[in-house]
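S.K.: Take a look at the following structure, please.
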Amino acid sequence: MADDPVLRPLYEGEDLEPAKRRLRMFLVQYWGGPTTYSQERGHPRLRMRHVTWQIGERERDAWLAHMAAAVAGLDVDERARTAIWEHLSRAAESLVNVPR
């Protein structure tokens with residue numbers, strides 16, 4: 001994502017490591033791991049946390065392309081892969097805040 005021409009501007013001037021850590025903590029918590037995300041940041045409130053960004057279909061699709069590559073590289077069974085992908089797709093769609 002660091003070189004993505006659609007997504008990188010959303011993090012203008014920002015070190016991406018904190019964003020990577022937040023995403024990792026959120027996903028770990030969502031899938032039943034430690035609740036570090038909520039302990040450090042409170043309720044996820046994904047839509048609220050992303051409302052300051054203009055997220056349209058272009059941004060959604062770019063993010064999902066990165067997530068598709070990540071999911072494809074996971075060493076999990078097909079049922080888990082499908083569940084993960086369905087969650088990521090729903091989450092990405094819920095963050096779209098630019099009229100079509």
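The values are calculated or read from the model by the stated rules, or taken from the named source; none is laboratory data. Note that the coordinates shown come from a computational prediction; the quantities given were computed from them, not determined experimentally. Every residue, glycine among them, receives a Cβ derived from its backbone with ideal geometry; neighbour counts consider all protein chains shown. In case anyone asks, the SASA skips ligands and DNA or RNA and just uses the protein heavy atoms, side chains included. Shrake-Rupley method; radii C 1.70, N 1.55, O 1.52, S 1.80 Å.
S.K.: Please give the charge dipole size of the chain, origin at the Cα centre, charges +1 on K and R Cβ atoms and -1 on D and E Cβ atoms. Round to the nearest 20 debye.
M.R.: Numbers: 15 positive and 15 negative charges, 85 e Å.
Here the chain has a charge dipole of around 400 debye.
S.K.: Assuming a ≥ b ≥ c are the square roots of the Cα gyration tensor eigenvalues, decide whether region 50-100 counts as rounded (a/c under 1.5), prolate (otherwise, with a/b larger than b/c) or oblate.
M.R.: Verdict is prolate for region 50-100.
S.K.: If you count, for each residue, the other Cβ atoms within 10 Å and average over each peptide, how do 13-21, 91-99 line up from highest to lowest?
M.R.: Top of the packing list down: 91-99, 13-21.
S.K.: If you roll a 1.4 Å probe over region 1-60 with all protein chains in place, what percent of the accessible area is carbon or sulfur?
M.R.: Exposed carbon and sulfur together represent 53 percent of the surface.
S.K.: Just name one of 34, 11, 72: the one whose Cα is farthest towards the positive end of the charge dipole of the chain (beta-carbon charges, Lys/Arg +1, Asp/Glu -1).
M.R.: Of the options given, the answer is 34.
S.K.: In debye, nearest 20: dipole of region 1-59 around its Cα centre with unit charges on the Cβ of K, R (+) and D, E (-)? Kindly include the intermediate steps, with their values, before the conclusion.
M.R.: Working: 10 positive and 9 negative charges, 74 e Å.
For this selection, approximately 360 debye.
S.K.: Now, a different point. Rounded to the nearest whole Å², what accessible area per residue is found for the chain with the 1.4 Å probe?
M.R.: Roughly 68 Å² per residue, with all protein chains present.
S.K.: Okay, next question. In 10 Å bins starting at zero, report the fraction of Cα pairs in the chain per bin as a rounded %.
M.R.: Spelled out per bin, shortest first, that is 13, 45, 37, 5.
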